[in-house]
Amino acid sequence: MKKSLLQSSRPKLHSHFINGRWGQTAPNGKSFENRDPANGQLLSVYPEATRRDVEDAVAAARKAFGMWRQVPVAKRGEILLKAMRFLEERKEPYAHAMTREMGKVLSETRGDVQEAVDTAFYYAGEGRRLFGQTTPSELTDKFAMSVRAPVGVCALITPWNFPMAIPSWKILPALLCGNTVILKPSSFTPDSARHLAEALQEAGVPDGVMNLLYGSGAAVGIWLTEHPGIDLVSFTGSSLTGSKVGETCGRIFKKCSLEMGGKNAQIVMDDADLSLALEGALWGAFGTTGQRCTATSRLIVHERVFKEFSEHLVARAESLRVGNGLDPKVQMGPLINDAQRAKVHQYVQVGKNKDGATLLTGGQILCKGDFENGFFYAPTIFHGDTGMTIAQEEIFGPVTVLIRVKSFDEAIQVLNDSVYGLSGSIYTQDVNRVMRAIRDMQTGITYVNAPTIGAEVHLPFGGVKRTGNGHREAGAQALDIFSEWKAVYIDYSGKLQRAQIDTHGSEA
Ligand code: TXE
């Protein structure tokens, strides 16, 4: 990286947010830098949390839980609504800051902030619902219902690809349900996490209810996961890390939700509107530089339209404008860091050399001229087969694999030929195929005539197989992670009534 492009004066050291104070600043002297992936500029510096910081945050969250769980849910919802207004007002500066630290283009970072706005709006409304159930008792003079109770202190561990949206998916339903939280964002996107926390603090979230700690997963992430004072871990990130988090939580009986990888596919049938399918494929494969868990990393195309579709796709991918996401003309920004770019390039080598796939376009690191100090990569398209490594493993970059199929049945079979099951899409005009695809795709999210990306916040988000561990984020379903069901029986008969025994008239 060229020294001249780095700022000469060091930006201020930010601090953790513990018990309502932006106070703790690296007493151990350890800090990390947040740099712009488009040009290497130093944006901000953050402290690495120590074990002491973790202890302080857990203690603050535990103490605040006693109070917060008793705040009426409608009141908790009102605070979220206020936070929503702050986020809405500050959408533009927050989006700019996000593009600078994460790289994706401004229209997408605006969308990321908007997702937090929508999530706050949705869960604020839930403050007037948070429904339980009433149901008749099997006994006379007995009342039965179920209510939701908060879980306790939640550790929320998040990745860098949706720096505000993913933390908001976790923090907002967690708070609404009456939990207190400690957020540990990815070290690649600390500014956006701080912005979200600031909006919530200003909206009136009481001291200790929401805490923010920066630092590595290998230290702070593990300390939080193992800590006996944490009741629940909600994690989004790689499958490798997720399996470690799940293992730890399983061992110590901790509630845990995992949202991990994907190897999502778009099917293009011979009767599809090809130009629509093309737009969907470009957006799905190269939006967010392919760094979405729902990215279209496989394109399953019917042989009758394969040639036409692939030729157009390659031409359009080659005309995509790559560059700094702050430039409104740019369509695809850089990758998050050098390691991610090296990983993507490594997969491309595997595709060419080991898999024997045909590279149709791309496959190069972009490092000349304006690209010199950033982590840019050319939009890349392979023609391959379902068994290849590049068609099986999550690459998390601007790489997609075209797979030719002969029939609808084969297309579904190929789509399901994955250890993951997050998102799937089909382009067809045939209603019978649509209905069968909805039934047979092994995915948590299914799109028809739309790309594999584009989830809305009021529907459940998550996947089957190795994508997750059975939970869903967003929508009413996220409430099931962040609350415990409590069954309540009220007997007003004034006598002992024995369920299953007295109703059937038998004597035990
Ligand atoms: O993920 P990690 P990263 C995938 C994608 C990418 C890879 C690495 O394939 O190449 O993950 O990205 C914290 N205990 N996805 O490095 O390492 C870590 O600090 C507890 C897919 O971001 O899984 C960060 O806050 N926590 C994904 C978070 O976990 C730990 C989106 C995620 O880090 C930890 C992003 C540990 N042992 C990346 N180790 C998707 N599918 O949405 C790390 N962390």
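Sequence-ordered 3J(HN,Hα) estimates for region 437-449 from the Karplus curve with 6.51, -1.76 and 1.60 and θ = phi - 60° stand at 5, 4, 6, 9, 5, 8, 9, x, 10, 10, 10, 10, 6 Hz, glycine and proline given as x. Our summary of shape: the Cα atoms of the chain have principal axis extents of 79, 63, 40 Å, ordered from largest down, in whole angstrom. Fully extending the segment from residue 78 to residue 459, taken as 0.36 nm per residue of separation minus the present Cα-Cα distance, adds 135.0 nm.
Between the residues 503, 11, 95, the greatest Cα displacement towards the positive end of the dipole of the chain, with unit charges on the Cβ of Lys, Arg, Asp and Glu, is found for 11.
For the chain, the fraction of 1.4 Å probe accessible surface lying on carbon and sulfur atoms is 52 percent. In the chain, Cα pairs under 8 Å separated by at least six residues give a relative contact order of 17 percent.
Derived scalar couplings between HN and Hα for region 184-190 equal 10, x, 4, 6, 8, 9, x Hz in order, rounded to whole Hz, by the Karplus curve 6.51 cos²θ - 1.76 cosθ + 1.60 (θ = phi - 60°), x for Gly and Pro. Distant-in-sequence amide contacts of residue 259, defined by a placed amide H-H separation under 5 Å and a gap of 5 or more residues or a different chain, comprise 235, 236, 237. A run of the chain free of exposed loop cleavage sites, with GluC sites (Glu not before Pro) counted only in DSSP states other than H, G, I, E and B and at most 14 other beta carbons within 10 Å, reaches its longest extent at 139-371. At a Cβ-Cβ separation cutoff of 4.7 angstrom, cysteine residues of the chain with no neighbouring cysteine are 154, 177, 293, 367.
The slack in the chain from residue 89 to residue 240, taken as 0.36 nm per residue of separation less the alpha-carbon distance, amounts to 50.6 nm. Around the Cα centre of region 264-448, unit charges on the Cβ atoms of Lys, Arg, Asp and Glu (plus for the first two, minus for the last two) sum to a dipole of about 240 debye. Look at the alpha carbon pairs under 8 Å that are at least 6 residues apart: their mean separation over the length of region 327-419 gives a relative contact order of 26 percent.
Over the chain, give the accessible area per residue in Å² for a 1.4 Å probe, as an integer.
41
Database remark: amide H of residue 464 closer than 5 angstrom to the amide H of 421, 422, 444 (H placed geometrically; neighbours at sequence offset of 5 or more, or on other chains; Pro and chain starts carry no H). Among the chymotrypsin sites (Phe, Trp or Tyr not before Pro) within region 94-175, those in coil by DSSP and having at most 13 neighbouring Cβ atoms inside 10 Å are 131. Evaluated with a Cβ-only charge set (Lys, Arg +1; Asp, Glu -1), region 403-499 carries a dipole of roughly 240 debye about its Cα centre, given to the nearest 20. Rounded to the nearest 5, the antiparallel percentage of DSSP beta bridges internal to region 264-448 is 15%.
Amide H to amide H, with H built 1.01 Å from N, residue 232 comes under 5 Å of 153, 155, counting only residues 5 or more places away or on other chains.
Determine the calculated [θ] at 222 nm for the chain from helices alone, applying -39500 (n - 2.57) to every DSSP H run no shorter than 4 residues and normalising by the residue count; nearest 500 deg cm²/dmol. About -11000 deg cm²/dmol.
Considering the dipole of region 198-281 built from charges on the beta carbon (Lys and Arg +1, Asp and Glu -1) around the Cα centre, which of 238, 220, 205 is farthest to its positive end? In region 198-281, that residue is 220. The stretch between residue 416 and residue 364, if pulled fully straight at 0.36 nm per residue, gains 15.8 nm over its current Cα-Cα span. Dipole magnitude for the chain: about 1100 debye, using +1 per Lys or Arg Cβ and -1 per Asp or Glu Cβ, origin at the Cα centre.
Applying the Karplus relation 6.51 cos²θ - 1.76 cosθ + 1.60 with θ = phi - 60° to region 217-224 yields 3J(HN,Hα) values of x, 5, 10, 5, x, 5, 4, 5 Hz, where x marks Gly and Pro.
The values are calculated or read from the model by the stated rules, or taken from the named source; none is laboratory data. Bear in mind that the values here come from a model prediction, so they are computed numbers and not experimental data. Cβ sites come from the backbone with ideal geometry, for glycine too, and all protein chains shown count toward neighbours. All accessible areas refer to the heavy atoms of the entire protein, side chains included, with ligands and DNA or RNA removed. Shrake-Rupley method; radii C 1.70, N 1.55, O 1.52, S 1.80 Å.
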